[in-house]
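This report refers to the structure that appears directly beneath it.
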Amino acid sequence: MNIDEIITFLEVVELQSISAAANQLFISQSSASNRINHLENSLGTKLIHRAKGYKKISLTEEGEYFLPIAQQWMALYNDVKNITNLHHAKTFKITTNSILNSFLLPYIYTDFSNKYKNIMIHSQTEHSTEAHQHIANQTADLAIVYTEHYEPNVISKPLFKENMVFICHKDSRFAKTQLLSDLCDANEVYAKWSSEFENWHQRQFPYFHRHKIVIGSAIMFDQFLIEQDDWAIVSRIVGDNIHLTKPDFITIDQPYLPIRTAYLLSHKYPKPGSKKLNMLFIDELLYHLKNNPSVDIIENM
């Protein structure tokens, strides 16, 4: 068993194909297959299913068990290679969604970078499923998501809660009465926040049959909240940011609106070189969240 075999195994798992892994590693497919075969022979067990007629591979039960061990091996190997560079520039990788990367995290990134000049932040914008995969594959150090998915080697901890709020024009009828009957479906700027939100919305507004527009990203809200009767239901983070750019549009809290929980993801076996970076960034993150009125931090972090 050697590091080339470990690298090939991890590449095959990530790409779900021996041929694709071979192309990525600039080796022949037969060389990639030989490395996997030698690794399996060394361990005395099969790691990968190779079904005829199927391009994608799958892991055996033993392969699933071996995967986190291989990831730890790779992490240790990288740390050994980089041991002479410990005092030079480091890269901290974080993955989260477009809302947080647009409205919440830029100020934290800036302060963190100013405080730690030798740490470069690499920020990725992904959906929750991809964020979980990045942590599982250790291609990101931390992730922040609103939806949890089970991954055996991913630790998920509640980070903060934020209320959903109405956002509407300060001179609208709804702003004065706060009666749902004063909201018109044809003026709603609607986003599919989650399946739970969609179910709640359908129960709350069973008589709605249309929207002004259905948008795919929360950063688009301020482009369509224009008329006096326009309105939307948004997360508190988004609502507070819209109010900053459009002071005539205000947020309204109601106790029956849903609450969103954000989760911090990390790997069960973090790379030794990333442990300190993770702790430094988490400390900076918690400091900012505690001073952010848009969210309620969950203290058991």
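A short reminder: the numbers here are calculations on the coordinates, not readings from a lab. Being a predicted model, the structure only gives us computed values, none of them experimental. Counting neighbours? That spans all protein chains shown, and the Cβs are built from the backbone with ideal geometry, glycine included.
Greater than 23 Å separation of Cα atoms is the criterion. Which listed pairs, 93/271; 115/268; 117/276; 176/290; 157/275; 161/271, meet it? Write down the numbers at each step before the final one.
Details: 93/271 12 Å; 115/268 27 Å; 117/276 15 Å; 176/290 32 Å; 157/275 16 Å; 161/271 29 Å.
Pairs exceeding 23 Å: 115/268; 176/290; 161/271.
Quick one: grab the alpha carbon gyration tensor of segment 3-81, order the square roots of its eigenvalues as a ≥ b ≥ c, and give me rounded if a/c is under 1.5, else prolate or oblate depending on whether a/b is larger than b/c. Write down the numbers at each step before the final one.
Numbers: a/c = 1.71, a/b = 1.25, b/c = 1.37.
Here segment 3-81 falls in the oblate category.
Tell me which lysines have Cα within less than 21 Å of residue 212's Cα, excluding those fewer than 8 residues away on the same chain?
Filter leaves 170, 192, 246.
Take 172, 123, 181, 33 and order them by how many other Cβ atoms sit within 10 Å, fewest up front. Write down the numbers at each step before the final one.
Details: 172 22, 123 15, 181 9, 33 18.
Ordered from fewest to most neighbouring Cβ atoms within 10 Å, 172, 123, 181, 33 come out as 181, 123, 33, 172.
Would you report the distance distribution of C-alpha pairs in the chain as whole percents per 20 angstrom bin, up to the bin with the largest distance?
Going from the shortest bin to the longest, the percentages are 28, 45, 24, 3.
Which whole-number percent gives the relative contact order of the chain, counting Cα pairs below 8 Å spaced six or more residues apart?
Working: 447 pairs, mean separation 62.8, N = 301.
Averaging sequence separation for qualifying contacts and normalising by length gives 21 percent for the chain.
For the chain, what does the helix formula give at 222 nm: sum of -39500 (n - 2.57) over DSSP H segments with n ≥ 4, over the residue count, nearest 500 deg cm²/dmol? Provide the component values of the computation, followed by the final result.
Details: 11 runs with 125 residues, N = 301.
Estimated from H runs of four or more residues: -12500 deg cm²/dmol.
Which of rounded, prolate or oblate describes segment 161-259 when judged by the alpha-carbon gyration tensor and an a/c cut-off of 1.5? Present the calculation step by step, with values, prior to reporting the outcome.
On the way: a/c = 1.26, a/b = 1.12, b/c = 1.12.
Cα axes put segment 161-259 in the rounded bin.
Take the alpha carbon atoms of segment 166-201, find their center, do the same for segment 133-159, and report the distance between the two centers in whole angstrom.
The distance from the Cα centre of segment 166-201 to that of segment 133-159 comes to 32 Å.
Hey, fewest Cβ within 10 Å first, where do 203, 50 land in order?
Sorted ascending by nearby Cβ count, the order is 203, 50.
How much net charge surrounds residue 292 when only the other residues with a Cβ under 13 Å from the Cβ of residue 292 are counted, with Lys and Arg +1 and Asp and Glu -1?
Values: positive: 161, 236, 290; negative: 111, 162, 240, 284, 296.
Within the 13 Å Cβ shell, the charges total -2.
Please give the net charge around residue 129, taking every other residue with its beta carbon less than 13 angstrom from that of residue 129, where Lys and Arg add +1 and Asp and Glu add -1. Write down the numbers at each step before the final one.
Numbers: positive: none; negative: 126, 130, 148, 151.
With Lys, Arg at +1 and Asp, Glu at -1, the neighbours total -4.
What aspartates and glutamates sit close enough to residue 90 to cross-link, taking a C-alpha to C-alpha distance under 13 Å and skipping anything fewer than 8 places away on the same chain?
79, 141
Just to confirm a number: summing +1 for Lys and Arg and -1 for Asp and Glu over residues other than residue 105 whose beta-carbon lies under 11 angstrom from that of residue 105, what do you get? Kindly include the intermediate steps, with their values, before the conclusion.
On the way: positive: none; negative: 111, 284.
With Lys, Arg at +1 and Asp, Glu at -1, the net is -2.
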